[in-house]
Amino acid sequence: LEEALQIQSRAKKNPADLLAEVASQKAAPGRMRMLFLGEILIREGLISWETLMEALNEQKQTGQMLGEILLQKKQLTKKDLYRVLAIQWNKTFVDFKKVQVQPEVLKLIPKRLAYEFQIIPLVAKDPILLVAISNPQDMKMEGEIEKVIGHYQLHTSVGSPDENHDAIRYYYGPE
C-alpha cells in the first residue's frame, strides 16, 4: 500500500520533476508485485468491497473487463480508472490540467503518429523523452515511436484516453 501511495503522489508533480523517477522506475523492474485492479480500487477508496464483488460476478457472466463494467455502472470515472491502471502498470498518471507540455518536444513525435497511437510528448531532457499514452501495453506503438525519436529513450506515463486526445488536438491541431 505504501508503494502504491508513493506512485499516486507522483501524479501531482510536473513531468520535468518526474524524469528522474521515471528513469529509476524503468531501471528497477519488479519493485512491486502486479496488483489486481479491484485491489487497487478498494485501496484507493474508489469503490466498496460490495461493488467489487457485484462487478466481479458480472465479469464472470459477461466476460467484460472489470473497468468497463464499473464505467458502465457509473461506479468509476474514466480518469479514475486510468489513474488506477497507471498504478497497476507501475506508471505515472498525467493529469493534463496540472501539466504543461514543452512546445519544443512536439516536433519529436509527428502529428500522424500522435493521433494514431494517442501519444503526446510531455518533456525531453537528454537522453529521456517522457510521453503520455493511454495504452501502455501497445508494443507496436513503442517500436514505431522509437524509430522517430532518434537518440532519446522513450519513457511512458499514462493519461486517460479523452484527455490524451484533447491534448493532442490542442497542441497539434485538428487531425
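Listed here are the pairs 78/147; 97/140; 91/140; 98/140; 125/147; which of them are more than 21 Å apart at the Cα? Exceeds cut-off: 78/147; 97/140; 98/140.
Measuring nothing but protein heavy atoms, the accessible surface of segment 31-118 at 1.4 Å probe radius is 54 percent carbon and sulfur. Backbone phi angles across segment 143-156, fed through the Karplus curve with coefficients 6.51, -1.76 and 1.60 (θ = phi - 60°), yield HN-Hα couplings of x, 5, 5, 4, 5, 9, 8, x, 7, 5, 8, 7, 10, 10 Hz in residue order; Gly and Pro are listed as x. Bridges between two residues of segment 81-165, per DSSP, are antiparallel at a rate of about 40%.
Provide the net charge surrounding residue 64, with neighbours chosen by a C-beta distance below 14 Å and charges set as Lys +1, Arg +1, Asp -1, Glu -1. Neighbour charge sum, excluding residue 64 itself: -1. Accessible surface for segment 62-175, divided over its residues, is 49 Å² per residue with a 1.4 Å probe. Amide H contacts for residue 93 (H built 1.01 Å from N in the peptide plane; partners 5 or more residues away or on another chain; cut-off under 5 Å): 11, 158. Could you tell me the center-to-center distance, by alpha carbons, between segment 141-167 and segment 52-103 in angstrom? Here the answer is 19 Å between Cα centres. Taking 0.36 nm per residue of separation and subtracting the Cα-Cα distance, full extension of the segment from residue 77 to residue 108 would add 8.0 nm.
The values are calculated or read from the model by the stated rules, or taken from the named source; none is laboratory data. Just so you know, these numbers come straight off a predicted model, no measurement behind them. As a convention, Cβ positions derive from the backbone with ideal geometry for all residues, glycine included, and neighbour counts pool all protein chains shown. Side chains included, ligands, DNA and RNA excluded: accessible areas come from the protein's heavy atoms. Shrake-Rupley method; radii C 1.70, N 1.55, O 1.52, S 1.80 Å.
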